[in-house]
Structure formats: structure tokens, C-alpha cells
Amino acid sequence: MDNVDKAKFFLRFGIAVVFLYAAVASFINPASWIGFIPQFIKNVISGSVFLAIYSAYEICLAFWLFSGKKTFYASIVAGATLLLIVILNISQFDIVFRDVAILFACVALAFLTKEK
């Protein structure tokens, strides 16, 4: 395994852990996470229902990243997810600013895994 393969592995693993942690934590303590759901979504669907669906999505995304299958696409989906999180919670930037670093990790992973 060369250094590029190691970098891809650690990026995949690190990004996946973030999504998995957030999903599990939101199942354990939904009250801590429900405030990040934008009001326009809560107007359409119950916050707790949306949170459960979104957490299931995050778990699927985490396992997709862990699998190493079609990593380019997984990194694009993960990056888009983080971009939306940051945009939709820009008023809470003091908290979501960390997601910008993870977003750029997704961009790096996409560049490293894009086939020529």
C-alpha cells in the first residue's frame, strides 16, 4: 500500500466516522440534534421523523465510505451533504465551521479517487 492509498483510506475512514457518529448520537439524544433541522423542513415533516430518516441516510453513507466501493461518488455525496449542512445552518457557523474542513476532506478524496 503506497502513501496515496493510505491517504485515501484515512480520508474515507475519517469522513465515515463523522457521519456514523452523528447518526448514532442523534438516535441516542435527538434533542441535541433537532435544532439543526431547518424550519422549512419541519414545516413539511416532523423533526423527529426527519431526524430518524436522515440518521439512517448517514449510516448508509458511512458504510458506503467504509466499503471503499465507488469512493469517488461516495465522496461527492458526502461533500454535497456537508455543503448543504453548512449552507442551511450558516447562522450557526460557530458550530458548523468544522464541517467545512470535512467538506474539503471529501473534495480531496474525490480528487484522489477520480478515474482518468
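Given the criterion part of a helix (DSSP H, G or I), modelled with pLDDT of 95 or more, more than 17 Å from Ala23 (Cβ to Cβ) and out of contact with any strand residue (DSSP E or B) (no Cβ under 7 Å at 6 or more places or on another chain), identify the matching residue among Leu112, Leu82.
Leu112
Condition first: without any contact (Cβ under 8 Å) to a residue 24 or more places away in the chain and hydrophobic (A, V, I, L, M, F, W, C). Now tell me which residues in the range 97-116 satisfy that.
Phe97, Val100, Ala101, Phe104, Phe111
State which residue is surrounded by the fewest Cβ atoms within 10 Å (Cβ to Cβ) when the search covers only the range 78-94 and only residues that are touching a residue at least 40 places away in the same chain (Cβ under 8 Å) and farther than 27 Å from Glu115 by Cβ.
Among residues in the range 78-94 that are touching a residue at least 40 places away in the same chain (Cβ under 8 Å) and farther than 27 Å from Glu115 by Cβ, the one surrounded by the fewest Cβ atoms within 10 Å (Cβ to Cβ) is Gln92.
Name the residues in the range 21-34 that are open to solvent by 50 Å² or more (accessible area, probe 1.4 Å) and part of a helix (DSSP H, G or I), would you?
Tyr21, Val24, Phe27, Ile28, Pro30, Ala31, Ser32, Ile34
Can you give me the number of residues within the range 47-77 that are in contact (Cβ under 8 Å) with a residue 24 or more places away in the chain, over 15 Å from Val17 (Cα atoms) and either among the aromatic types (Phe, Trp, Tyr) or open to solvent by 50 Å² or more (accessible area, probe 1.4 Å) (or both)?
Residues flagged as in contact (Cβ under 8 Å) with a residue 24 or more places away in the chain, over 15 Å from Val17 (Cα atoms) and either among the aromatic types (Phe, Trp, Tyr) or open to solvent by 50 Å² or more (accessible area, probe 1.4 Å) (or both) within the range 47-77 amount to 3.
Could you list, in sequence order, the residues of the range 36-77 that are of a type in the set (A, V, I, L, M), part of a helix (DSSP H, G or I), more than 11 Å from the chain's Cα centre (by Cα) and within 22 Å of Val96 (Cβ to Cβ)?
The answer is Ile41, Leu51, Ala52, Ile53, Ala56.
Examine the range 86-102 for a residue that is of a type outside the set (Lys, Arg) and under 12 Å from Arg12 (Cα atoms), and state whether such a residue exists.
Checked the range 86-102: at least one residue is of a type outside the set (Lys, Arg) and under 12 Å from Arg12 (Cα atoms).
Could you list all residues from the range 10-20 that are over 16 Å from Glu58 (Cα atoms) and either open to solvent by 50 Å² or more (accessible area, probe 1.4 Å) or modelled with pLDDT under 95 (or both)?
Phe10
The values are calculated or read from the model by the stated rules, or taken from the named source; none is laboratory data. Please read these numbers as outputs of a predicted model, since none were measured by experiment. Please note: Cβ atoms are built from the backbone with ideal geometry, for glycine as well, and neighbour counts cover all protein chains shown. Side chains included, ligands, DNA and RNA excluded: accessible areas come from the protein's heavy atoms. Shrake-Rupley method; radii C 1.70, N 1.55, O 1.52, S 1.80 Å.
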